[in-house]
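Quick note: the coordinates plus some simple rules give every number you see, no bench work behind them. Note that the coordinates shown come from a computational prediction; the quantities given were computed from them, not determined experimentally. All Cβ positions, glycine included, derive from the backbone under ideal geometry; neighbour counts span all protein chains shown.
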């Protein structure tokens, strides 16, 4: 085999490997931003829901507590709804963990709006939402660590081509050396 062709094959394999690693790195960076954003949004959502629940409890049980304005309550509920929407828009509605998190968040919001329930109900459900979020984040983190499937395949293929190219280059360089040795020492 022509050494020039082998060198070109070797170089193209290295270029493909470099592109693949670069692309995978960027995808992983975006996934990490997604993870960080989801974590922040869920944390804010949980705090906001507890804030809304606090208004309900104050209205019902605290006769001497300072009254909370309707505008303040509206802003707190609006913030809760905004965070809920942001979280749902980050999720894949087809995946089981995403569906579970969305359902558990709805239960939590319903608890926050029901002044007949206890704070322990709210806290237990908040913990369920945290656990669902944790499972979802763990799954996403595993994908970041492993890399995207098609890029892992490209890396394997590039590595195989690179290995075969090096082997072929080595074999091609040995053949002229063998001929030179035989010509030199057999005469």
*Estimated Rh, the range 62-185: Kirkwood, alpha-carbon pairs, angstrom*: 20.3 Å
_Rel. contact order, % - alpha carbon contacts under 8 angstrom, at least six apart, the chain_ = 41 percent
*Can you sort 85, 28, 158 by how many other beta carbons sit within 10 Å, fewest first?*
85, 28, 158
*Mind ordering 125-135, 70-80 by average Cβ neighbours within 10 Å, highest first?*
125-135, 70-80
*So what is the calculated 222 nm ellipticity per residue for the chain, using -39500 (n - 2.57) for each DSSP H run with n of 4 or more, over all residues, to the nearest 500 deg cm²/dmol?*
-31500 deg cm²/dmol
*Rg to Rh, two decimals, where the range 131-184 supplies the alpha carbon set and Rh follows Kirkwood*: 1.52
*Nearest 10 degrees, 0 to 90: what angle lies between the long axis of helix 3-61 and the longest principal axis of the chain (Cα atoms)?*
10 degrees
